[in-house]
Ligand SMILES: Nc1ncnc2c1ncn2[C@@H]1O[C@H](COP(=O)(O)OP(=O)(O)OP(=O)(O)O)[C@@H](O)[C@H]1O
Ligand SMILES: O=P(O)(O)O[C@H]1[C@H](OP(=O)(O)O)[C@@H](OP(=O)(O)O)[C@@H](O)[C@@H](O)[C@@H]1OP(=O)(O)O
Ligand SMILES: [Mg+2]
Ligand SMILES: [Mg+2]
C-alpha cells in the first residue's frame with residue numbers, strides 16, 4: 001500500500017484542509033493515496049510526508065471520550081488518520097498501521113497483540129501489553145515508585161505504606177499490627193483491571209472493622225492531603241497536571257469518634273475538577289514542574305509505558321512531601337486540557353523518531 005501525501009510548506013508541517021480531507025476519504029475507499037499538493041503560491045511542495053495510520057482498539061466508552069471530532073480533525077490536518085480495529089477480524093489483515101493504540105481487557109486480546117508485535121515489529125503498539133499488565137495489580141502498580149525513592153531539591157515522592165492481603169479477612173487486624181500500619185486505611189481491590197469492582201474502595205476506621213473487608217486487597221495508609229489531588233497526565237514526554245477534589249482529611253479526633261468501613265465506589269471518577277476552586281494556596285499549589293519532569297521521565301522508563309496518569313497527593317501541612325496513590329493506563333485523556341494537540345504531536349514524534 002502506498003500512502004503518501006504531498007505536504008506543503010506551512011511552518012507547522014500541517015496539511016492544508018482540502019488536502020487532508022481528500023486524504024482521509026481516499027484512505028477509506030482506496031488503498032492507494034497520492035495526495036494533492038495544496039499550493040501556498042510557491043508552485044511546488046516543500047515537504048513530503050507519509051500519512052500516519054493509527055489503528056485503535058478501545059472500549060466504546062473510551063472511544064466516545066477520546067475520539068472527539070476535534071482530535072480527529074486536528075489529526076487529519078497533521079496527516080494522521082485514526083482507523084478503528086475490528087476485533088472480529090485478524091489484526092494482521094487490517095491496516096497496515098504505523099501505530100496501534102489500545103485499551104481492552106482480557107487474555108485473548110493480550111495474546112493477539114503479542115503475536116501481532118512479533119510479526120510486525122515495525123508497528124508501534126502503545127503500550128506493550130506486559131507493561132500494562134504490571135499496573136493491573138495494586139501489589140505491583142506502585143512498586144517502581146517505591147524503588148525509585150525519589151528525592152531532590154523540589155521534594156520527595158514516595159508511596160503510602162501498604163500491605164497485601166490475599167485471603168482470610170480474620171487475619172487482617174493482626175497483619176496490620178505486625179506491619180505497623182496506622183489507621184485509617186484505604187482498602188483497594190488487588191486487581192485494578194478497570195472493571196467496576198476494581199474501583200470499589202473503602203476506608204476502614206478501626207481495627208475491628210478490618211475483618212469486614214473482602215480480600216484479595218491492598219491496605220494503604222490514608223494520607224491527609226487537604227482534600228485535593230493532582231492528576232498528572234503523561235503522553236510520552238508531555239505532562240499535564242489538573243486538580244481534582246478528593247477525600248477530606250481525617251483528624252485524630254474523627255478517628256477516635258468513628259468506627260466501621262465506609263465504602264466509596266468509583267470515587268475518583270465522580271470527583272469534580274478543583275482547578276477553578278477557591279482553595280488554600282498551600283493545598284492547591286501544583287507539584288513543582290521540575291520535580292514532575294524528572295520523576296515522570298524516570299518512571300516512564302521503568303514502567304516502559306508512554307500513556308498513563310498518576311494520582312499524586314501532597315501530605316497536608318508539608319510543602320514537598322508527595323505520594324503517588326494510583327497509576328492508570330490510558331486514562332481519560334478527554335479531560336486533559338489540550339489533549340488533541342499533545343496527542344497528535346506525540347504520534348508524529350513517534351513516527352519521526354523511527
Ligand atoms: N492512600 C491514600 N490516601 C488518601 N487518599 C487516598 C489514598 N488512596 C486513595 N485515596 C482517595 O481515594 C481515591 C480513589 O483511590 P484510587 O485512585 O487508588 O482508586 P481508583 O479506583 O484506582 O481510581 P481511578 O478511577 O483514578 O482509577 C483517590 O482519588 C483519593 O481521593
Ligand atoms: O472514565 P474516564 O474517561 O474518566 O477515565 C478513567 C478511566 O476509565 P476508562 O478507561 O474506562 O475510560 C479509568 O480506567 P480504568 O481504571 O477503569 O481502566 C481510570 O484510568 C481513571 O483514572 C480514568 O479517569 P481519570 O483518571 O482520567 O480522571
Ligand atoms: Mg485514582
Ligand atoms: Mg486507578
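Checking residue 185 against (1) more than 16 Å from ligand 2 (Cβ to nearest atom); (2) surrounded by fewer than 16 Cβ atoms within 10 Å (Cβ to Cβ), which test does it fail?
(2)
Would you mention how many residues in region 259-285 are loosely packed, with under 15 Cβ neighbours inside 10 Å and either closer than 20 Å to residue 226 by Cα or touching a strand residue (DSSP E or B) at 6+ places or on another chain (Cβ under 7 Å) (or both)?
Summing the residues that are loosely packed, with under 15 Cβ neighbours inside 10 Å and either closer than 20 Å to residue 226 by Cα or touching a strand residue (DSSP E or B) at 6+ places or on another chain (Cβ under 7 Å) (or both) in region 259-285 gives 17.
Can you give me the ranges of the helices (runs of 4 or more DSSP H) entirely in region 204-318 with at least 2 residues that are more than 16 Å from ligand 4 (Cβ to nearest atom) and at pLDDT 95 or above? Before you say what the answer is, go through the steps one by one.
Details: elements: 252-257, 267-270, 281-284, 289-303.
In region 204-318, 281-284, 289-303 are the helices (runs of 4 or more DSSP H) which contain 2 or more residues that are more than 16 Å from ligand 4 (Cβ to nearest atom) and at pLDDT 95 or above.
One line per residue, one yes/no per condition, for (1) more than 22 Å from residue 303 (Cα to Cα); (2) touching a helix residue (DSSP H, G or I) at 6+ places or on another chain (Cβ under 6 Å); (3) crowded, with 17+ Cβ neighbours inside 10 Å:
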| position | (1), (2), (3) |
| --- | --- |
| 177 | yes, no, no |
| 192 | no, yes, yes |
| 214 | yes, no, no |
| 230 | no, no, yes |
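One line per residue, one yes/no per condition, for (1) touching a strand residue (DSSP E or B) at 6+ places or on another chain (Cβ under 7 Å); (2) surrounded by fewer than 20 Cβ atoms within 10 Å (Cβ to Cβ); (3) at pLDDT 95 or above:
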site	(1), (2), (3)
17	no, yes, no
36	yes, yes, no
39	no, yes, no
44	no, yes, no
50	yes, yes, no
75	yes, no, yes
86	no, yes, yes
95	yes, yes, no
101	yes, no, yes
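Considering only residues that are part of a loop (DSSP other than H, G, I, E, B), within 16 Å of ligand 3 (Cβ to nearest atom) and at negative phi, which ones fall in region 183-203? Spell out the reasoning first.
Keep residues of region 183-203 that are part of a loop (DSSP other than H, G, I, E, B), which gives 183-184, 190, 192-196.
Next cut, within 16 Å of ligand 3 (Cβ to nearest atom) only: 190, 192-196.
Passing the criteria: 190, 192, 193, 195, 196.
Just to be sure before I move on: is residue 212 free of Cβ contacts under 8 Å to residues at least 60 places away in the same chain, over 14 Å from residue 284 (Cα atoms) and either in contact with a strand residue (DSSP E or B) (Cβ under 8 Å, 6 or more places away or on another chain) or within 14 Å of ligand 3 (Cβ to nearest atom) (or both) in the structure I sent?
Judged against the criteria, residue 212 is a match.
Only one of these is within 25 Å of residue 57 (Cβ to Cβ) and more than 18 Å from the chain's Cα centre (by Cα): 205, 116, 154. Name it. Outline the logic, then answer.
Working: 205 fails: within 25 Å of residue 57 (Cβ to Cβ); 154 fails: within 25 Å of residue 57 (Cβ to Cβ).
Residue meeting the stated conditions: 116.
When the residues of region 320-329 are narrowed to those that are more than 9 Å from ligand 1 (Cβ to nearest atom) and assigned to a strand (DSSP E or B), which ends up nearest to residue 185 (Cα to Cα)?
Keep residues of region 320-329 that are more than 9 Å from ligand 1 (Cβ to nearest atom), which gives 320-322, 324, 329.
Next cut, assigned to a strand (DSSP E or B) only: 321-322, 324, 329.
Working: 321: 19, 322: 18, 324: 15, 329: 24 Å.
Per the stated criteria, the residue is 324.
Residues checked against (1) within 16 Å of ligand 3 (Cβ to nearest atom); (2) closer than 17 Å to residue 320 by Cα; (3) in contact with a helix residue (DSSP H, G or I) (Cβ under 6 Å, 6 or more places away or on another chain):
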{"residue": "207", "(1), (2), (3)": "no, no, yes"}
{"residue": "237", "(1), (2), (3)": "no, no, no"}
{"residue": "258", "(1), (2), (3)": "no, no, no"}
{"residue": "281", "(1), (2), (3)": "no, yes, no"}
{"residue": "288", "(1), (2), (3)": "no, yes, no"}
{"residue": "296", "(1), (2), (3)": "no, yes, no"}
{"residue": "300", "(1), (2), (3)": "no, no, no"}
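So, in region 325-339, of the ones that are surrounded by 20 or more Cβ atoms within 10 Å (Cβ to Cβ) and under 22 Å from residue 79 (Cα atoms), which residue ends up farthest from ligand 4 (Cβ to nearest atom)?
Going through the qualifying residues, I end up with 339.
Of the residues that make up region 309-319, is at least one away from ligand 1 (no atom under 16 Å from the Cβ) and over 30 Å from residue 353 (Cβ atoms)? Outline the logic, then answer.
Residues of region 309-319 away from ligand 1 (no atom under 16 Å from the Cβ): 319.
Now drop any that are not over 30 Å from residue 353 (Cβ atoms), which leaves 319.
Yes, region 309-319 contains at least one residue that is away from ligand 1 (no atom under 16 Å from the Cβ) and over 30 Å from residue 353 (Cβ atoms).
Restricting to region 113-154, give me the number of residues that are touching a strand residue (DSSP E or B) at 6+ places or on another chain (Cβ under 6 Å), assigned to a strand (DSSP E or B) and more than 30 Å from residue 89 (Cβ to Cβ).
Of the residues in region 113-154, 1 are touching a strand residue (DSSP E or B) at 6+ places or on another chain (Cβ under 6 Å), assigned to a strand (DSSP E or B) and more than 30 Å from residue 89 (Cβ to Cβ).
Would you confirm, using the coordinates I've provided, whether residue 201 is within 16 Å of ligand 4 (Cβ to nearest atom), in contact (Cβ under 8 Å) with a residue 12 or more places away in the chain and surrounded by 19 or more Cβ atoms within 10 Å (Cβ to Cβ)? Talk me through it step by step, then tell me what you get.
Details: within 16 Å of ligand 4 (Cβ to nearest atom): yes; in contact (Cβ under 8 Å) with a residue 12 or more places away in the chain: yes; surrounded by 19 or more Cβ atoms within 10 Å (Cβ to Cβ): yes.
Judged against the criteria, residue 201 is a match.
Which of the residues belonging to region 159-182 are free of Cβ contacts under 8 Å to residues at least 60 places away in the same chain and not in a helix (DSSP H, G or I)? Give the derivation first.
Of all residues in region 159-182, those free of Cβ contacts under 8 Å to residues at least 60 places away in the same chain come to 162-182.
Residues satisfying the conditions are 162, 163, 164, 165, 166, 167, 168, 180, 181, 182.
The values are calculated or read from the model by the stated rules, or taken from the named source; none is laboratory data. Every value quoted in this text rests on a predicted model; they were computed, and no experiment measured them. Please note: Cβ atoms are built from the backbone with ideal geometry, for glycine as well, and neighbour counts cover all protein chains shown.
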